[in-house]
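Everything on this sheet refers to the single structure shown next.
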Amino acid sequence: MTRWVGRLSQFDQRSFHWLNGRARRWCGHKVTRWISRSGDGYSYAIIACLLASFHGTESLPLITTLVIGFAVEIPLFTLLKRLLKRQRPYQRFPSFHAAIMAHDQFSFPSGHTTAAFLFAGIMSAYFPAWISLFYVWAVAVGLSRVLLGVHYPGDIAAGALLGSALAWLALGVV
């Protein structure tokens with residue numbers, strides 16, 4: 001088991017360096033920062049408020065589902081980060097300089113990606129015609145975190161799985 005985890009970690013680090021080395025050639029840090037910021041927590045609150053103001057009580061089940069999902073997501077990913085204590089790339093590799101500084105110390109799982117996939121999963125259930133847009137955006141948020149140098153690809157994969165599972169659970173509650 002230890003050997004398998006070691007190989008996975010090496011693959012994760014190599015993938016990080018490969019992706020991060022191409023970040024500027026693909027889209028530059030300005031676009032990547034904007035995509036990352038679109039996954040900040042306040043964005044979800046703004047969208048919920050807009051839904052409520054335009055759709056009134058019709059949006060109540062969606063907003064309730066989002067509140068339940070995020071009420072579980074935030075403490076859960078925070079707890080996982082504190083238990084697993086995976087260093088961020090710029091902490092592990094002192095010669096590497098991230099394009100942004102993260103809000104917290106640990107990287108696994110990615111909180112931005114967890115939230116983005118939670119949001120995409122819930123929104124897709126209520127607006128199925130927009131499923132592709134929601135998930136392309138969620139993937140872009142996760143990828144932006146790697147390109148900015150604050151996460152490994154494995155952090156993103158774990159966040160995507162966790163966020164998707166939490167969306168499924170929240171949808172089952174409402």
What number of residues in region 31-46 are surrounded by 15 or more Cβ atoms within 10 Å (Cβ to Cβ) and over 17 Å from LEU143 (Cα atoms)?
2
Within region 144-174, count every residue that is assigned to a helix (DSSP H, G or I) and modelled with pLDDT under 90.
7
Taking first residues from region 117-134 that are free of Cβ contacts under 8 Å to residues at least 24 places away in the same chain and within 22 Å of ARG145 (Cα to Cα) and second residues anywhere that are of a type outside the set (Phe, Trp, Tyr) and part of a helix (DSSP H, G or I), the pairs with Cβ under 6 Å that are 6 or more apart or on different chains are ILE131/SER124; PHE134/ALA120; PHE134/MET123; PHE134/SER124
Got a sec? Which of VAL67, VAL136 is more than 20 Å from ILE35 (Cβ to Cβ) and either part of a helix (DSSP H, G or I) or more than 19 Å from the chain's Cα centre (by Cα) (or both)?
VAL67
Could you please let me know if ALA48 is assigned to a helix (DSSP H, G or I) and farther than 17 Å from SER124 by Cα?
no
When you scan region 53-84, how many residues do you find that are under 19 Å from ILE156 (Cβ atoms) and among the polar types (S, T, N, Q)?
1
Considering only region 48-58, how many residues are closer than 26 Å to THR113 by Cβ and either in contact with a Cys (Cβ under 6 Å, 6 or more places away or on another chain) or surrounded by fewer than 15 Cβ atoms within 10 Å (Cβ to Cβ) (or both)?
2
Return the total of residues in region 59-114 being at pLDDT 90 or above, closer than 23 Å to PHE11 by Cα and of a type in the set (Gly, Ala, Ser).
2
Among residues of region 151-174, those that are touching a residue at least 60 places away in the same chain (Cβ under 8 Å) and buried (at least 23 other Cβ atoms within 10 Å of the Cβ), counted
8
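The values are calculated or read from the model by the stated rules, or taken from the named source; none is laboratory data. Quick caveat: nothing in here was measured; it's all calculated off a predicted structure. Reconstructed Cβ throughout: ideal geometry from the backbone, glycine too, with neighbour counts over all protein chains shown.
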